[in-house]
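What follows is calculated from the coordinates using simple rules that are stated; it is not laboratory data. Everything quoted here is computed from the prediction, not taken from an experiment. Counting neighbours? That spans all protein chains shown, and the Cβs are built from the backbone with ideal geometry, glycine included.
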Amino acid sequence: MVAPTLTGVRIDLHLHSTASDGTDPPADLIAAAAAAGLDVVALTDHDCTAGWEPALAAAGPLGIVVLPGAEISCRVGTISVHLLAYGHDPQDAQLRAELSATRSDRVGRARRMVERIAVDYLLTWEDVLEQVSPGATVGRPHIADAMIARGLVGTRDEAFETTLHRSSPYFEPHDAPQAADAVRLVLGAGGVPVMAHPRAGRRGRTVTDEDLAGLAAAGLVGVEADHPDHTDDERAAVRRLAADLGLLVTGSSDYHGAARPNALGAFTTDPEVYEAIRAAVRGVPIVGRAGTSVVGPGHPAGDGPDLTAARGAGR
Ligand SMILES: [Zn+2]
Ligand SMILES: [Zn+2]
């Protein structure tokens, strides 16, 4: 059989499931991505890999490639940033410890915010827990959903622009690693670190070009230029900076299901960039050929990608 070319392949490298704050369970998410005509997607739930197994299991029969990943909460100084990690070893002890510390602090932080909100509004911690899927990482979106259920706000966006905003008296920062340390942890776990939406000012203060240069020096591999929270000018600026710093440029939807307007495939990543990322992955073996790759679940870590192995796992 002739190996399919990468031309026309649609790649979206930033999706969330119910394992964090998306509204689609992992298997449904992958089915929705396949139905939307995507060929390759990355599952990047916040600070967790709990969605990998069901997502990978769903991928094979659908003929869609799933690159397992995560979106790691971290900081540059006091500025909150998100680092995408692709194909890291989920069993890597150091990265696991860091993610687990971040997750448990997210719970404590969410509780502290709810306690403050409860002084002024009818909202309980139980209301928030009702919005969280089993095993999911608790976050501000779940508080927003509980506020919607209580009729306090109409939408998640309204909650984020008011009560849950960084400048709100109810806001509480959560503990997270410095981004340069997170970059090194991801590399140490065989993953590929890519800075998510570096210019998304709607979410709060953003990092400077110098900060990104420092992260590039620490080993950052790419930056997400094409993202729904970036303006056209911001997208162009990120591309210019990436060219200066020798970083890959990705594009993604940051899909969260019904919770946000971002459509699957709203932005996509060039096949050549995906190939470069895939070739750099060392944490999970990736089986298959260009355009037909399958990432299999449950492989022992550390073997590196086997790009020449027979395709077929799950296909
Ligand atoms: Zn993010
Ligand atoms: Zn995201």
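Give the order of 174, 142 when sorted by the count of other beta carbons within 10 angstrom, beginning with the fewest. Write down the numbers at each step before the final one.
On the way: 174 21, 142 24.
With the fewest neighbours first, 174, 142 line up as 174, 142.
Assuming 0.36 nm per residue, please report the length gained on full extension of the stretch residue 124 to residue 218 beyond their Cα-Cα distance.
29.6 nm
Over all alpha-carbon pairs in the chain, figure out the percentage whose distance exceeds 31 Å. Numbers along the way, then the final one.
Details: 13044 of 49455 pairs.
Counting pairs separated by more than 31 Å, the tail of P(r) holds 26 percent.
Given the -39500 (n - 2.57) contribution per DSSP H run of 4+ residues, what per-residue ellipticity at 222 nm results for the chain, rounded to the nearest 500 deg cm²/dmol? Walk me through the intermediate numbers first.
Details: 10 runs with 114 residues, N = 315.
After summing the helix terms and dividing by the residues of the chain, the value is -11000 deg cm²/dmol.
Give me the net charge of residue 170's neighbourhood, meaning all other residues with Cβ under 11 Å from the Cβ of residue 170; Lys, Arg count +1, Asp, Glu -1.
Working: positive: 112, 116, 140, 166; negative: 115, 120, 172.
Residues near residue 170 contribute +1 overall.
Can you check what the net charge comes to around residue 18, using other residues whose Cβ is under 9 Å from the Cβ of residue 18 (Lys, Arg +1; Asp, Glu -1)? Walk me through the numbers on the way to the answer.
Values: positive: none; negative: 21, 24, 28, 45.
Once all neighbours under 9 Å are counted, the net charge is -4.
Provide the net charge surrounding residue 8, with neighbours chosen by a C-beta distance below 15 Å and charges set as Lys +1, Arg +1, Asp -1, Glu -1.
Summing Lys/Arg as +1 and Asp/Glu as -1 gives -4.
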